Amino acid sequence: MDLVVGPDGLVRPAWAAVHDDLREYYDTEWGMPVRDERGVFERLALEGFQSGLSWATILRRREGFRRAFAGFDVDAVAALGPDDVERLLGDTGIIRHRGKIEATLSNARATVALREQEGPGTTLADLVWSFQPQRTPMPRTPAEVPTTSAESTALAKELKGRGFRFVGPTTMFALMEALGVVDTHLLGSHRRGTSGVWAADGTPVAEGHIPS
């Protein structure tokens, strides 16, 4: 069963109908546009921690991650050092993986450096959104949802070249989905075409247009 009709009459993919927290995340957040630096950095970090794990595992520790990483304030995370890594390895509120913790700190520093390289007004968010495709997929089933794209591969290469870690093409495609850079909501889902970025037919929404 690919789509499920909930008690509220709304149609969702099966994965989003399993638990209340997943349903709320799907209904209110996943695929809605995030264009601020802190918001993009948070999702970049969480997607990195999610590698090899379920999203539900990460979602249920999200507040723990926010406490551990200063609300994902980029400058604050960039200032953390080796002693903080050891402290975070003892924090049961997060995923205690040394490589992923160290990558989060180094990615914060790369985010700060990006501002300096590109000049005022250019952030991690600007860079990620610059890889928005001309069209977005139109999957009817979960099997038709891509896991990578030419754009996610190019974004991964760009970020790696700028010193980012845990940013492979699959992780970057998941990031693009979460941020609304692409829309992979299944056709028939109540969320398809509701982000204000993409229409249900996979074409970009005209700027300033709010879907009904």
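The values are calculated or read from the model by the stated rules, or taken from the named source; none is laboratory data. Small disclaimer: the values here were computed from a predicted structure and weren't measured. Here Cβ is always computed from backbone atoms with ideal geometry, including for glycine, and neighbour counts include all displayed protein chains. The area values use the complete protein model at the heavy-atom level, side chains included, leaving out ligands, DNA and RNA. Shrake-Rupley method; radii C 1.70, N 1.55, O 1.52, S 1.80 Å.
For the chain, the longest principal axis of the Cα atoms and the long axis of helix 150-161 meet at an angle of about 10 degrees. Of 161, 39, 193, the residue with the greatest mean-square motion in the GNM of the chain, using alpha carbon springs below 10 Å, is 161. Distance between the pseudo-spin-label points of residue 170 and residue 79 (7 Å out from Cα toward the beta carbon): 3.7 nm.
Amide hydrogen proximity for residue 198: with H placed 1.01 Å from N in the peptide plane, the residues at 5 or more positions away or on another chain lying under 5 Å are 205. Mean residue ellipticity at 222 nm, helices only, the chain: -13500 deg cm²/dmol; runs of at least 4 DSSP H residues each add -39,500 (n - 2.57), and the sum is divided by the number of residues. Accessible surface calculations at 1.4 Å, restricted to protein heavy atoms, place segment 1-98 at 51 Å² per residue.
On full extension, the segment bounded by residue 130 and residue 201 gains 23.4 nm, given 0.36 nm per residue less the C-alpha separation.
Give the angle, between 0 and 90 degrees and rounded to the nearest 10, that separates the Cα long axis of helix 98-118 from the longest principal axis of the Cα atoms of the chain. Rounded to the nearest ten degrees, it is 90. As an exercise, use a Förster radius of 25 Å and the Cβ-Cβ distance of residue 57 and residue 106 to find the FRET efficiency, rounded to the nearest 0.05. Efficiency at R0 = 25 Å is approximately 0.65. Accessible surface area normalised per residue over segment 143-212 is 43 Å², counting heavy atoms of protein chains with a 1.4 Å rolling probe. Axis angle, to the nearest 10 degrees, between helix 169-179 and the longest C-alpha principal axis of the chain: 70 degrees. Rounded, prolate or oblate: which one fits the chain, using the alpha carbon gyration tensor with axes a ≥ b ≥ c (rounded when a/c is under 1.5, else prolate when a/b beats b/c, else oblate)? Because a/c hits 1.5 or more and a/b fails to exceed b/c, the chain counts as oblate. Share of carbon and sulfur in the accessible area of the chain stands at 53%, probe radius 1.4 Å. Database remark: amide H of residue 4 closer than 5 angstrom to the amide H of 12, 14 (H placed geometrically; neighbours at sequence offset of 5 or more, or on other chains; Pro and chain starts carry no H).
The slack in the chain from residue 143 to residue 21, taken as 0.36 nm per residue of separation less the alpha-carbon distance, amounts to 41.6 nm.
All other residues whose Cβ lies under 14 angstrom from that of residue 83 are scored, Lys and Arg at +1 and Asp and Glu at -1, for a net of -2.
Remark on residue 180: its backbone amide H falls under 5 Å from those of 31, a criterion applied only to residues 5 or more positions apart or on other chains, H modelled at 1.01 Å from N. For segment 35-46, the Karplus equation 6.51 cos²θ - 1.76 cosθ + 1.60, evaluated at θ = phi - 60°, returns couplings of 10, 9, 4, 4, x, 5, 4, 4, 5, 4, 5, 5 Hz by residue, with Gly and Pro reported as x. Here segment 149-212 and segment 1-47 have alpha carbon centers that stand 14 Å from each other.
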